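Here the structure is laid out as structure tokens; the discussion comes afterwards.
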Amino acid sequence: MHEAVRPCTCQAVAGIVLAAGASRRMGTPKQLLDIEGRPLLHRVLSEVLASDLERVVLVLGHEAGRVRRSLGALLAHPKLDVVENPRFQEGMSTSLILGLEAVERRFDHIMILLGDMPHTDRAVINRLIRAVPASGCPLGAAAIGGKKTHPVMVSRPLFGELHAVSGDRGAKALFVKHPEETHLVEFEGPYDDRDLDTPEDYSRLTGRSLEPPADA
């Protein structure tokens, strides 16, 4: 989906939330997993929308209808766009490029967020928004103990390279290729960057065994 051409919002940041995957290792749609009484993606998206991101694109794919229903009133948020990726089975790159296409005409900076990180935090997002563009680097990321983690940011000079990623890969290759152009923002204390990939991950987080979520 391409937006109509509008003036570039050069200092603002657009978020792309990747939530299209089939959750093969989990065995049930991760987006719908119950985390403290809310579906996982609802929890993540609530924090993202409460942040200072100017625009948010949510990319859905597997079980898109059920996932939409689980989001309820969040779907009406004025800064949210939802796109569906018919090629999600070809890997994360297809969702990332679809999200980029939705915002690249208007924004010079994007933030890539994962829909399976239950402790996504608006404060972390906002600190990255302030720090990475100000650094002048075209790449940025949260870091814990000097190790890159999510969310990550990419700026316009590298949008072309982002369009060239393929398969089940995101922006990782850009960070490997351009370490000298990367600004890491260190976080300490309560920031929990875990994601959920397996039933064991879910059990460690919640203390419960995995049960398939009810149809929303």
Note to self: For Lys79, give me every one of the lysines with a C-alpha distance below 29 angstrom, ignoring sequence neighbours fewer than eight places off in its own chain.
What the structure shows: Lys30, Lys148, Lys172
Check: Over all distinct Cα pairs, what is the inverse of the mean 1/r for the chain, reported as the Kirkwood hydrodynamic radius in Å?
Finding: 17.4 Å
Notebook entry, point to check: Averaged per residue, what accessible area in Å² does the chain show with a 1.4 Å probe, protein chains only?
Noted result: 46 Å²
Note to self: Relative contact order for the chain: what percent, with Cα pairs under 8 Å and sequence separation of 6 or more?
What the structure shows: 26 percent
Checklist line | Whole-percent carbon and sulfur share, accessible surface of the range 8-129, 1.4 Å | finding: 46 percent
Check: Counting Lys and Arg as +1 and Asp and Glu as -1, what is the net charge of the other residues whose Cβ lies under 13 Å from the Cβ of Leu74?
Finding: +3
Notebook entry, point to check: With Cβ to Cβ distances under 15 Å as the rule, what net charge do the other residues near Gly145 carry (K, R +1; D, E -1)?
Noted result: -1
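The values are calculated or read from the model by the stated rules, or taken from the named source; none is laboratory data. Everything numeric in this text was worked out from a predicted model, so none of it was measured. Cβ coordinates were reconstructed from backbone atoms using ideal geometry, including for glycine residues, and neighbour counts include every protein chain displayed. To get the accessible areas, we keep the full protein, side chains included, count just its heavy atoms, and leave off ligands, DNA and RNA. Shrake-Rupley method; radii C 1.70, N 1.55, O 1.52, S 1.80 Å.
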